1. For region 88-144, list log₁₀ I(q)/I(0) at each q in 0.21, 0.23 Å⁻¹, using the Debye formula over Cα point scatterers of equal strength and ignoring solvent, two decimals each.
2. Under a 10 Å cutoff between Cα atoms, tell me which one of Val47, Val125, Val55 has the largest fluctuation in the Gaussian network model of the chain.
3. Rounded to the nearest Å, what's the spacing between the alpha carbon centres of region 81-159 and region 7-23? Just the number, please.
4. Order by neighbour count: Ile107, Ile54, fewest other Cβ atoms within 10 Å first, most last.
5. Among Val55, Ser66, Val45, whose Cα projects farthest towards the positive end of the dipole of region 4-108, with charges put on the beta-carbon of Lys, Arg (+1) and Asp, Glu (-1)?
6. When the helices in the chain are scored as -39500 (n - 2.57) per DSSP H run of 4 or longer and the sum is shared across all residues, what 222 nm value do you end up with, to the nearest 500 deg cm²/dmol?
7. Mind checking which of Ser139, Leu12, Ile120 is farthest towards the positive end of the chain's charge dipole, using Cβ charges of +1 (Lys, Arg) and -1 (Asp, Glu) about the Cα centre?
8. Below 12 angstrom from the Cβ of Leu52, what's the summed charge of the other residues (Lys, Arg +1; Asp, Glu -1)?
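Here, each number is a calculation from the coordinates, and none is a lab measurement. Bear in mind that the values here come from a model prediction, so they are computed numbers and not experimental data. Positions of Cβ are generated from backbone atoms using ideal geometry, with glycine treated the same way; all protein chains shown enter the neighbour counts.
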Amino acid sequence: MAGGTFFLTAALADRRSRVLVEQMSALRLAIGRIRKKHPFSVDAVVVLPDHLHIVMTLPQGDADFSNRLSLVKRRFTTAVLKSGATLNRRPNGEIALWQRRFWEHTIRNEKDFERHVDYIHYNPVKHGLVTRVCDWPYSSFHRFVRLGFLPVDWGGDGRQNRASFGEPIG
């Protein structure tokens, strides 16, 4: 497949870690640097303490989302190490900051795109980090509000709203 839009999830090996939000500037820098060498657009993103979700669109003729994510993870890991943080290692000595695998889904159409963007934006509420989407600072939701795509109160109050944003209703 040449080009395309993809939903990706990358998680830390230690799901109790908060390093992604604690080192947010390093993550932003890593994504920015990789985007310069290997272009992609960030259509939507949310960074939680232990994992991130991103919808990215690649240029025509390029479907190598895996390499881009791998490079972001590697650059971020290097930055965290340079900050003086101690990271766990696997038995073979490899740094164990990230889970080796990641989740990928190819976005099929506009409805699929909207469903995954909604899932991304509502994720901090789903995980109990905030009760309102607008209260989580590490999300493209704020860009969507600035551009007029979503109202600031989108998603309502998680304490009262049991909506299933982006997830199949069972």
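1. -0.87, -0.92
2. Among Val47, Val125, Val55, the largest mean-square fluctuation in the Gaussian network model of the chain belongs to Val125.
3. Region 81-159 and region 7-23 have Cα centres spaced 10 Å from each other.
4. Ile107, Ile54
5. Ser66
6. Working: 5 runs with 59 residues, N = 170.
Mean residue ellipticity at 222 nm (helix-derived): -10500 deg cm²/dmol.
7. Leu12
8. Numbers: positive: Arg28, Lys73; negative: Asp50.
Result for the neighbourhood of Leu52: +1.
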